[in-house]
1. Quick one: grab the alpha carbon gyration tensor of the range 95-209, order the square roots of its eigenvalues as a ≥ b ≥ c, and give me rounded if a/c is under 1.5, else prolate or oblate depending on whether a/b is larger than b/c.
2. How much length would be gained if the chain were fully extended between Arg174 and Phe51, taking 0.36 nm per residue of separation minus their Cα-Cα distance, in nm to one decimal?
3. Over all directions, what mean area does the Cα convex hull of the range 165-239 project, stated in square nanometres?
4. Sequence gap at least 6, Cα distance under 8 Å: using those rules, report the relative contact order of the chain to the nearest whole percent.
5. Before rounding to the nearest 500, sum -39500 (n - 2.57) across all DSSP H runs of length at least 4 in the chain and divide by the residue total; then give [θ] at 222 nm in deg cm²/dmol.
6. Rounded to the nearest 0.05, what FRET efficiency is calculated for Ala164 and Asp88 with R0 set to 22 Å and r the Cβ-Cβ distance?
7. So how strong a dipole does the range 21-110 carry about its Cα centre when Lys and Arg Cβ are +1 and Asp and Glu Cβ are -1, to the nearest 20 debye?
8. Could you tell me whether the range 1-51 comes out rounded, prolate or oblate from its Cα gyration tensor? Rule is a ≥ b ≥ c as square roots of the eigenvalues, rounded for a/c under 1.5, then prolate if a/b exceeds b/c, otherwise oblate.
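Each reported figure results from applying straightforward, stated rules to the coordinates on display, with no laboratory input. In this text the structure is predicted, and so the values were computed from the model without any measurement. Here the Cβ is made from the backbone with ideal geometry for all residues, glycine too, and neighbour counts use every protein chain on show.
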Amino acid sequence: MAERAVVLDIEGTTTPIGFVTGVLFPYARERVGQFLAHRASEAADDLAQLFEERQQDESAGLSPPPWRDGTPAERLDSMVAYVGWLMDHDRKSTPLKALQGRIWEEGYRSGELRGQVYPDVPRAFVRWRAQGRTLAIFSSGSVLAQKLLFSHSEAGDLTGYLQAYFDTTTGAKRVADSYRKIADALDVAADAALFLSDVALELDAARAAGMTTGLVVREGPPPAASHPVVRTFDDVPDD
């Protein structure tokens, strides 16, 4: 019997990695200063959390950029530098991801950004929903960023097929309890959910929670892992 729920990663799974690393991340990095200079009040909670995260980094013996509490220009430079430092370290920081989502929102609304998905994704969404499956996203990107990507995709608005979105506020992607929380939120048993991702450690956590898993390998040879390989969503069995 087909799993009642399909939970999907984004980067490397529904969406080319190059779009995230080569388009979205540079877009946010180039515009973070301008965004904070004019709209910092909208991200006040995110900035407060970033300040706390920076203090934790410093306490942990890391070397984040200094956070200067001087002139407005100095404070702005400090915030921009720390955001850049987090991005350089590919930190799955909840406030960073929230801030990026706010910046990307401008790009999607203006038409500068269009979400990219693999060609098999819309077909699979239609098929899985016709089968009565619940579709959900679990990504380190914020829920806002997820909704923007799928609502402004080059294949059209795909959000009508998606019932739920989960980000790092649910938990880390490499922790089994995150997947238990997702199953509970979707009102399905964990073993009635399929999680598809291109990251084996995420799949290990999902399997530890009881989910069925599939390792998405869009290009090249599959890495050494103990999960079934999925080359295209077209090959995901219906039962």
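1. Details: a/c = 2.10, a/b = 1.31, b/c = 1.61.
Because a/c hits 1.5 or more and a/b fails to exceed b/c, the range 95-209 counts as oblate.
2. 41.8 nm
3. The directionally averaged projection comes out at 5.2 nm².
4. Reported as a whole number, the value is 25 percent.
5. -14000 deg cm²/dmol
6. Working: r = 31 Å, r/R0 = 1.43.
It comes to 0.10.
7. On the way: 11 positive and 15 negative charges, 51 e Å.
Charge dipole of the range 21-110: 240 debye, to the nearest 20.
8. It is oblate, given that a/c is not under 1.5 and a/b is not larger than b/c.
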